[in-house]
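Here the structure is laid out as structure tokens; the discussion comes afterwards.
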Amino acid sequence: MLKSKENFEIQKKLTIVIVTLFLIKLAAWFYTNSVAILTDTLEYTINVISGFIGLYSLYLSSKPKDKNHPYGHGKVEFLSATIEGTLMIVSSFVILYEAINNLKHPHELKQLDYGIFLVALTGVINYIVGYLSIKNGKKNNSLALIATGKHMQSDTYATLGIVIGLILIYFTHYTWIDSVVAFVFALIIIVSGYKILRSSIAGIMDEADDELLEKMVTFCATHRRENWIDLHNLRFIKYGGTLHLDCHLTIPWFFNIHEGHKEVDELEKIVKNNFGDSVELMVHTDGCLEFSCKICDKKDCPMRVHQFEKKIDWTIENVSSDSKHTIASF
């Protein structure tokens, strides 16, 4: 199954879980009349909306390339995550308003034992499902799944605080704790929403992903072939679950077209073995020049004009450079 379709199937299951948990939280608020649980339920309304938005975005993302979208539809995932982060922040201000209003006009709480149990149950399920969503999102390079998972886990932390607050209220009868707990976790949700928003904007702007770049460079360096004299001008662009990789590969200048193409095929094969078939490579081959001999350790090279002096280790800095590597540069 293609990763885009796999992501869509995962999001469908997540959305069903999210709707079920929302109904449980709604029941908990109905039983307790707690503003902290209302806070949790209001915030989770965003999860429900975001779940369906994420589902639709992954549906679009899984569609094949067409004339109007030659790189596919993956960018829509960034828009989905942007909406989710924005909604989280907006809902937090609603929660803050409710918390402050409840401090001014407190109301009686009821049936806290039922509420504590129901909210705790949703928290446990949220964390497990959120963890699995993030894990699959990172594996399949899906920002929509990662955003959904992080949103669910942030809800778990908020739920944990709410449960602690409800337990304190249950034993102390200090109802103001309800509003304080809601206030604190509204601030936490704002921070989580900002992080999701920041990641999605970075994707829209094609900001470099240092973690992914480090992983790619390390992997290529580990599997480096002797005919790969130099790798430079390496760049990534993310389109949802698809990665587009551009780079320049320096190979011996005397290779014919078939030999050069074989080296490109080998690079493509090792990259896809590690990152999956969702990687698209655009590799430009450069012929080596005289100065390349000093950094080339190819054995029995018939065209060598200088002795090998030093092997240059590939790093993010030099692989991202737009020029060929030379001894003088290191």
**OP:** Give the whole-number value, in cubic angstrom per residue, of the convex hull volume spanned by the C-alpha atoms of segment 11-62.
**Re:** 46
**OP:** Mind checking the per residue accessible area of the chain for me, 1.4 Å probe, whole number of Å²?
**Re:** 52
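Which percent of the accessible heavy-atom area of the chain goes to carbon and sulfur, probe 1.4 angstrom?
On the way: 10710 of 17020 Å².
Here carbon and sulfur together make up 63 percent of the probe-accessible area.
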Original post:
How big is D for segment 138-243, in µm² s⁻¹ as a whole number, if Stokes-Einstein is applied with the Kirkwood radius of its Cα pairs at 4 °C and 1.567 mPa s?
Top reply: 75
Original post:
Among all helices in the chain defined by DSSP H, which have a length of 30 Å or more along the axis from Cα atoms plus a Kyte-Doolittle mean of at least 1.0?
Top reply: 35-61, 76-104, 143-172, 176-204
Subject >> For the chain, built as a Gaussian network whose Cα springs stay under 10 Å, the top-fluctuating residue of Asn256, Asn273, Asn227 >> reply: Asn256
**OP:** Using a Förster distance of 56 angstrom, determine the FRET efficiency expected from the C-beta separation of Phe291 and Lys138, and round it to 0.05.
**Re:** 0.90
Original post:
Where the convex hull is taken over the Cα atoms of segment 254-315, what is its projected area averaged over directions, in nm²?
Top reply: 5.4
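Can you tell me the FRET efficiency between Leu213 and Asn33 if r is taken as the Cβ-Cβ distance and R0 is 51 Å, rounded to the nearest 0.05?
Working: r = 51 Å, r/R0 = 1.00.
Between Leu213 and Asn33 the formula returns 0.50.
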Subject >> the chain - Kirkwood radius from inverse mean 1/r over Cα pairs (Å) >> reply: 22.6
**OP:** Considering only Glu309, Glu268, Glu77, give the residue with the highest GNM mean-square fluctuation for the chain, with springs between Cα atoms whenever their separation is below 10 Å.
**Re:** Glu309
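The values are calculated or read from the model by the stated rules, or taken from the named source; none is laboratory data. This structure is a prediction, so every number in the text was calculated from the model and none was measured. With ideal geometry, Cβ positions are generated from the backbone for all residues, glycine too; neighbour counts draw on all protein chains shown. To get the accessible areas, we keep the full protein, side chains included, count just its heavy atoms, and leave off ligands, DNA and RNA. Shrake-Rupley method; radii C 1.70, N 1.55, O 1.52, S 1.80 Å.
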